[in-house]
Amino acid sequence: MPNLSGARELVPYAKPSSSAGEDGVVVHTVHHSVAGSPRVLVSWGPGNTLCVSYLAQGGGGEGDQDVVMNPRFGDENAGNGKVVEVKLGKKDDRPPAEKRALAYSSVQAFAFLQNQKLMMLQHDGGPSRTVTSDWWQTVLDFSQTISGTLGPSFGPPGSATDFSGFSSKEVQESSTPKIEKAIWDLVEIFYVDKNAASWLPERLVDWLASYDVVLSSATLYTKLTKLQQKLIILRFPEDDQEYWDGIASALAVGWLDIVVSLLRMHGSYQHDQIDNRNVENGLVETVAVLISKMPRLRPSLPAGAPGQAFNFKPEFSKAWEKWRSQVAKLDGSTYWGECNHRETLRGLKKLLKVLLGSIEDLLMATSHWMELLVAHLLHVQPFSKVSEGLAGYAVKCVESKGDTGMNESSLTNDPFQELILAILSDDTEVVVAECTRIFDPWLMAHVMELLTAKSKYAQTLLKEERYNLGGISLEELNRLFYAQVLASHQLTWQLAPVYLSFCPRQGLGMLEALLLRQPVTTSDRLALKVLEVCRLYDLGAVATSVNRIVGVHHWKHGRKGAGIAWLQRAKDDRRLAAVADELLESVSLGMSGSQIETLQQLEGLVDLLGSELHSTQGLTFLHRYRDFKTGLHSMKESRKQDPDPQKLAEKGRHAADSLLQLLKPQVTPQRFWLPLLRDAVELSEWPEQALLGVHETHVLLSRLQELSLAKARGDLEGIDSRDLSRQSLERIRLALARNLGRAFLQE
Amino acid sequence: MEVHRIPQGQYVDAVRWLPMPSTVALSLCDADTGLSTLEISVLQDPDQEGQAPWMETHASWELNSRTTAMKTSSNQSNIAIALTSETGSLSVFLVDAMNPFLDSPPLVLERLHKFLPSALDIQKDTLQCVTVGSDGKINLVHAGQSGLHGDCLHDNHGVLSYSAVCWASPTEFVSAGQGTGIQWWDSRRPGGAVAQSPAKWAGADGVGMIHAVDVHPSRKHLCVVGGSGGTVLAWDLRRQNELFTLAGKGGKGGSSTIAEGEVWNVKLDPALQGGGQGESGKIPPVLMCSEDGILAIIESGVATELAVEVCAINSFDVDLELGTEIVCALEHESVLYVKRPS
């Protein structure tokens, strides 16, 4: 980017190629003929693009001075101007098409939710402005819809089938869940779903199973994925320490199906081994059975998954005590002495310790603090209620993981630590701040709905109008921000009005600005789409100016019909009158042959201009003038073709009538009298009879007199006085006088 | 009835059925790179529960500029895909019907129109094209193996702007646009339009604009148009001074207000034209799509919605064989696929 590091120095962008570079910077070469000294222009392009233009001296005298000013720019002869497009802001790794797809799919859910909210508030009778007690369920539906659009649901690495079949590895790698979805779901658990409170530990187990992979680069997910690859080549996995570590880890965070299927891969299950390793196999199977009977405090488990679900707390607590005692009994069993395989012995013992909630073993089996927290909730305190102490545990987990020396700087290794901690501890300010820091405006605009679903505190925090934000709330600020992002792209600008319409303070103003900024003159289709938005949001004034802009554009480029049509939509009588004048000008100038053709084409236009616009003098006049000219034309035509005097006289009479209509007071602007009077001369020279009667000729003569008086006074508006030469006036007067004579005789 | 959205990740400028089973021509524009492509894709419909149809790209060709209108047709040996572009040129791709690949460059005629050409139509068998534009020109273009040969039939120098055209017979066609009514042309009589409807209709704000026109395949004197304010009109050549409002504001009895936004496309429903045409005075069913996202069928004054979308439906096409399958170009970078029970 050319940076202005001094008053007079201009440093060109390092890579002056005309194609998009790897960093997305585009350099265009432009030819221009802007006179004067070289100039630098800076302007905003679409989105977060900044256009920096450098126009070297244009025209003929370029060269020398240019080189003096800036030798590096001056030696480029190809073009004398350059435009550099710089994309500002951090680079986004998600493809723009995907982002747009997300924007398209979330807009409907958002609009639906807002309408539901409006209906609810109206139903409640308004002034309290608080959400009703079951509002969170509506938000939960919204949240799940949005979560669905963020991508499909994922389980832990290789659920049971993957470990036995090793089939869907590729599928997994190509599609990992997104961190946005992870955070979204976590916010949903803590801020929206009231039902989650009763089985929170299990909700977190499920959450971790889905999103462990995105938490950091070194989680259990990676560990197990590596193990999965290794197991393919191992015949006796029990000899490998990693096998037992993997099982312990999976057990710690509650991925029981993986634990069970890994245990069943134990070498002692193989046919040729079973005789020698009878006791060993018995122990492995007992542990596997115990694990698959583990009681879980949750409404249900997926079909075929190990574990037993208990929804009712006392029942669960009874089952858990019983199961725990079985585990303890097995731990103290005498069979362990008969187990000859040392690794198996040690590994199984460790599993039992995990099940018995040994803090030390849980710490060893997990790598991320969130995993430790989940393990803690699952094996040490399965009864814990939400909020109570959860934040404290979480901080302790972070600290104990931090002490292991794995995280040198917690922020670089785990950018989401602060955010997740804040969600767990219901610290809304930090949640908002961290989300703003990490995520794009899309998430901010939508997550507001989740945060305010049931928390009264968050509602006050986010809906309070703040003086330092210009009187808008944080909620509105984030919507405005997202709407701006949408508005900056040619394909998504139509979504912005949906969000702006729910911004009570500044939405409407920004919507008007957005609509007026659309390049409506580039295509009628775009203009009509803008007008559709105007119609939906009742923006009559904007619609009028859009119509006018397009109309004037068409008119200026010679598309007269289109111009009139659009100006009529704008109901812009003043410009229509100007258009009518211009049309007339084109008709009355000169009497060339093409005029007839023009007249025919204009016929449609005058039809369009219509008779209902009587308020505009010009149009009424043009309408009648059209009648007169067609009359005159058809008269001349029939004189050539059909010399029936009767019909001819009729037509002549008709034309004369039209002419007199035109010359009535207040119909025709004075500057058009002269061409009309010239046409009258033609009528007066009718060979067969005098078409104009005595009275009529007097009218014409008096108009002529008014013209010459006006000339004498010098207040001829819009007429070139050379046209009104004495000679031409005399000629008309003479013709009319002759006609007067003929009329006298005829009468 | 089944309705499926098939995301493309690119803006769909136009979509048309080709005279082959489940095959469409798509004109796409990638908003990120600015590249336009023409694609021949096959619609795969698994006909299974829970599985959505998808498009399989069969062939593609990079276009020089964005497409403003596309029509398809065929003769004995070839399928023709005709496109008008933003730069005012007309391109005709001749594709082997047995082996539909886009492997040879199209026939091109540059600078047919000054401003964006608005519409075109291509005839079956002769492959003659008619293009109209907002610059007020009407061009007749003959497509042959040797190339395209254009004739300017009429030029009003932009006094009137055209935005829709449809062939009625090998020599006659109907045009419509801004500031004009519906005009009936005969290429054997080059002086001007043979017949013309009134330029205005009741209920339109100021002057209504027409975006699409379709002529009845067997009753040539009858055509329907779609335009601003949710308007669908019928015009009968035998009663030139009347416009019959089928949908939209200001219609007398027998019309309905189904959509309020612009009607981008209309078509006399080919699926219901087969046997019982009923009395000749009745206007047959008309399909329409609109800016406010409605795809509907209007029959004897009653409109039935086939699909309601959150975004604009910019155009649609009905399959040539049975007329039961409809593809639409959606504003949100997708194709809408509607399958009616046959």
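Considering only the stretch B:302-319, I want to know if a residue exists there that is in contact with a helix residue (DSSP H, G or I) (Cβ under 6 Å, 6 or more places away or on another chain) and within 14 Å of another protein chain (Cβ to nearest Cβ). Yes: one or more hits.
This table checks each residue for (1) of a type in the set (Lys, Arg); (2) touching an Asp or Glu at 6+ places or on another chain (Cβ under 8 Å); (3) closer than 15 Å to residue A:341 by Cα.
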{"position": "A:237", "(1), (2), (3)": "no, no, yes"}
{"position": "A:241", "(1), (2), (3)": "no, yes, yes"}
{"position": "A:245", "(1), (2), (3)": "no, no, no"}
{"position": "A:256", "(1), (2), (3)": "no, no, no"}
{"position": "A:267", "(1), (2), (3)": "no, yes, yes"}
{"position": "A:273", "(1), (2), (3)": "no, no, yes"}
{"position": "A:278", "(1), (2), (3)": "no, no, yes"}
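Do you know which of the residues in the stretch A:502-532 that are open to solvent by 50 Å² or more (accessible area, probe 1.4 Å) and within 14 Å of chain B (Cβ to nearest Cβ) is modelled with the lowest pLDDT? Among those that are open to solvent by 50 Å² or more (accessible area, probe 1.4 Å) and within 14 Å of chain B (Cβ to nearest Cβ), it is A:522. Take the stretch A:457-469 and flag every residue that is out of contact with any Leu (no Cβ under 9 Å at 6 or more places or on another chain) and without any contact (Cβ under 8 Å) to a residue 40 or more places away in the chain. The answer is A:457, A:460, A:467, A:468. Within the stretch B:132-178, the set of residues being out of contact with any Ser or Thr (no Cβ under 6 Å at 6 or more places or on another chain), of a type in the set (Val, Ile, Thr) and away from every other protein chain (no Cβ under 14 Å) comprises B:141, B:174. If you go through the stretch A:491-518 and keep only what is touching a residue at least 40 places away in the same chain (Cβ under 8 Å), under 13 Å from residue A:114 (Cβ atoms) and assigned to a helix (DSSP H, G or I), you end up with A:497, A:498, A:499. For the stretch A:533-576, which residues satisfy the criterion of being within 30 Å of residue A:501 (Cα to Cα), at the interface with chain B (Cβ under 10 Å from one of its Cβ atoms) and open to solvent by 50 Å² or more (accessible area, probe 1.4 Å)? A:535, A:536, A:571, listed by residue number. Residues that are more than 10 Å from chain A (Cβ to nearest Cβ), under 28 Å from residue A:555 (Cβ atoms) and out of contact with any Phe, Trp or Tyr (no Cβ under 6 Å at 6 or more places or on another chain) do not occur anywhere in the stretch B:122-130. Of all residues in the stretch B:12-36, those satisfying the criterion of being farther than 20 Å from residue B:313 by Cβ and acidic (Asp, Glu) are B:30, B:32.
Could you list all residues from the stretch A:260-316 that are charged (D, E, K, R) and open to solvent by 40 Å² or more (accessible area, probe 1.4 Å)? A:264, A:272, A:275, A:285, A:293, A:313, A:315 - these are the residues of the stretch A:260-316 that are charged (D, E, K, R) and open to solvent by 40 Å² or more (accessible area, probe 1.4 Å). For the stretch A:467-490, the set of residues classified as assigned to a loop (DSSP other than H, G, I, E, B) and more than 14 Å from chain B (Cβ to nearest Cβ) consists of A:470, A:471, A:473, listed by residue number. The residues listed here are B:279, B:325, B:309, B:305; of these, the one that is modelled with pLDDT under 90 and either open to solvent by 10 Å² or more (accessible area, probe 1.4 Å) or touching a Leu at 6+ places or on another chain (Cβ under 6 Å) (or both) is B:279. For the stretch A:171-197, the tally of residues that are in a helix (DSSP H, G or I) and either of a type in the set (Val, Ile, Thr) or free of Cβ contacts under 8 Å to residues at least 12 places away in the same chain (or both) stands at 9. Among the residues of the stretch A:445-458, those identified as assigned to a helix (DSSP H, G or I) and under 26 Å from the mean Cα position of the chain (by Cα) are A:445, A:446, A:447, A:448, A:449, A:450, A:451. Considering the stretch A:663-713, and only residues there that are of a type in the set (Ser, Thr, Tyr) and touching a helix residue (DSSP H, G or I) at 6+ places or on another chain (Cβ under 8 Å), the residue that is most open to solvent (accessible area, probe 1.4 Å) turns out to be A:708. The set of residues in the stretch B:15-70 that are surrounded by fewer than 19 Cβ atoms within 10 Å (Cβ to Cβ), within 14 Å of chain A (Cβ to nearest Cβ), of a type in the set (Gly, Ala, Ser) and out of contact with any Asp or Glu (no Cβ under 6 Å at 6 or more places or on another chain) comprises B:31, B:34, B:50, B:52.
Condition first: within 14 Å of chain A (Cβ to nearest Cβ), assigned to a strand (DSSP E or B) and more than 19 Å from the chain's Cα centre (by Cα). Now tell me which residues in the stretch B:179-197 satisfy that. Of everything in the stretch B:179-197, those that are within 14 Å of chain A (Cβ to nearest Cβ), assigned to a strand (DSSP E or B) and more than 19 Å from the chain's Cα centre (by Cα) turn out to be B:195, B:196.
Restricting attention to the stretch B:74-90, the residues that are assigned to a strand (DSSP E or B) and open to solvent by 20 Å² or more (accessible area, probe 1.4 Å) add up to 1.
The values are calculated or read from the model by the stated rules, or taken from the named source; none is laboratory data. Fair warning: this is a prediction, and the values are worked out from it, not measured in the lab. Don't worry about glycine lacking a Cβ; one is built from the backbone with ideal geometry, like all the others, and counts go over all protein chains shown. The accessibility values were calculated without ligands, DNA or RNA, using every heavy atom of the protein model including side chains. Shrake-Rupley method; radii C 1.70, N 1.55, O 1.52, S 1.80 Å.
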